[in-house]
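All remarks here apply to the structure that follows.
The values are calculated or read from the model by the stated rules, or taken from the named source; none is laboratory data. Everything quoted here is computed from the prediction, not taken from an experiment. Cβ placement follows ideal geometry from the backbone for every residue including glycine, while neighbour counts extend to all protein chains displayed.
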Amino acid sequence: MSDMMANTPEPPYYAVIFTSIRTTVEDGYSTMATRMVALASGQPGFLGVESARSEIGITVSYWADLEAIRAWKAHAEHRVAQEYGRQRWYSAYKTRICRVERDYDWSEPTG
């Protein structure tokens, strides 16, 4: 499997899908995004993250349970990033929380 995809465990687990539309403000965004991934990676229950951006951005983070998601949402530094996002970087966003019941994968054979 690609190194760009999260290596998640056997289901069930949870996915937080964050879809966003950016403003034109760039100042500090990349630094904060990198910091949030590093910080989330150290949180109990964090399983991985995948992200892509074109006209809209989609970041999916994977978590062991709902309590881990609640703890991440309430994390003090993450709350600061959320506020900066609303004030500076996003014109709109939507967060969806889903229970992953099944997953499967395929990758092109190498060699």
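Selection of region 73-84 for residues being under 15 Å from Tyr29 (Cβ atoms) and without any contact (Cβ under 8 Å) to a residue 24 or more places away in the chain yields Val80, Gln82, Glu83.
Can you tell me how many residues within region 1-38 are in contact with an Asp or Glu (Cβ under 6 Å, 6 or more places away or on another chain) and either farther than 22 Å from Asp105 by Cβ or surrounded by fewer than 11 Cβ atoms within 10 Å (Cβ to Cβ) (or both)? Summing the residues that are in contact with an Asp or Glu (Cβ under 6 Å, 6 or more places away or on another chain) and either farther than 22 Å from Asp105 by Cβ or surrounded by fewer than 11 Cβ atoms within 10 Å (Cβ to Cβ) (or both) in region 1-38 gives 1.
Can you work out which of the residues in region 39-63 that are surrounded by 13 or more Cβ atoms within 10 Å (Cβ to Cβ) and of a type in the set (A, V, I, L, M) is farthest from Arg88 (Cα to Cα)? Before you say what the answer is, go through the steps one by one.
Step one: filter region 39-63 for residues surrounded by 13 or more Cβ atoms within 10 Å (Cβ to Cβ), giving 39-40, 43, 45-51, 56-63.
When the remaining residues are screened for being of a type in the set (A, V, I, L, M), the result is 39-40, 47, 49, 56, 58, 60.
Numbers: Leu39: 21, Ala40: 21, Leu47: 28, Val49: 23, Ile56: 16, Ile58: 18, Val60: 21 Å.
The extreme case among them is Leu47.
Are any of the residues in region 50-70 more than 22 Å from Glu101 (Cα to Cα) and in contact (Cβ under 8 Å) with a residue 40 or more places away in the chain? Looking through region 50-70, none of the residues is more than 22 Å from Glu101 (Cα to Cα) and in contact (Cβ under 8 Å) with a residue 40 or more places away in the chain.
What about Arg70, is it over 26 Å from Glu26 (Cβ atoms) and assigned to a strand (DSSP E or B)? Spell out how you get there, then give the answer.
Values: over 26 Å from Glu26 (Cβ atoms): yes; assigned to a strand (DSSP E or B): no.
So Arg70 does not fit the description; no.
Return yes or no: is Ser51 within 20 Å of Glu10 (Cα to Cα), under 10 Å from the mean Cα position of the chain (by Cα) and not β-branched (Val, Ile, Thr)? Write out each step before concluding.
On the way: within 20 Å of Glu10 (Cα to Cα): no; under 10 Å from the mean Cα position of the chain (by Cα): yes; not β-branched (Val, Ile, Thr): yes.
So Ser51 fails the test.
When Trp72 is tested against the conditions (1) touching a Lys or Arg at 6+ places or on another chain (Cβ under 7 Å); (2) aromatic (Phe, Trp, Tyr); (3) closer than 24 Å to Gly42 by Cα, the lone failure is (1).
Filter region 54-104 down to residues that are out of contact with any strand residue (DSSP E or B) (no Cβ under 8 Å at 6 or more places or on another chain) and of a type in the set (Lys, Arg) and give me whichever is nearest to Met5 (Cα to Cα). Taking the candidates together, the pick is Arg102. Contact annotation: residue pairs with Cβ atoms under 7 Å, 6 or more positions apart or on different chains, pairing a residue in region 19-44 that is under 13 Å from Gln82 (Cα atoms) with a partner that is modelled with pLDDT of 95 or more and not in a strand (DSSP E or B), are Ser20/Ile56; Tyr29/Trp89; Met32/Ala81; Met32/Tyr84; Met36/His78; Met36/Ala81.
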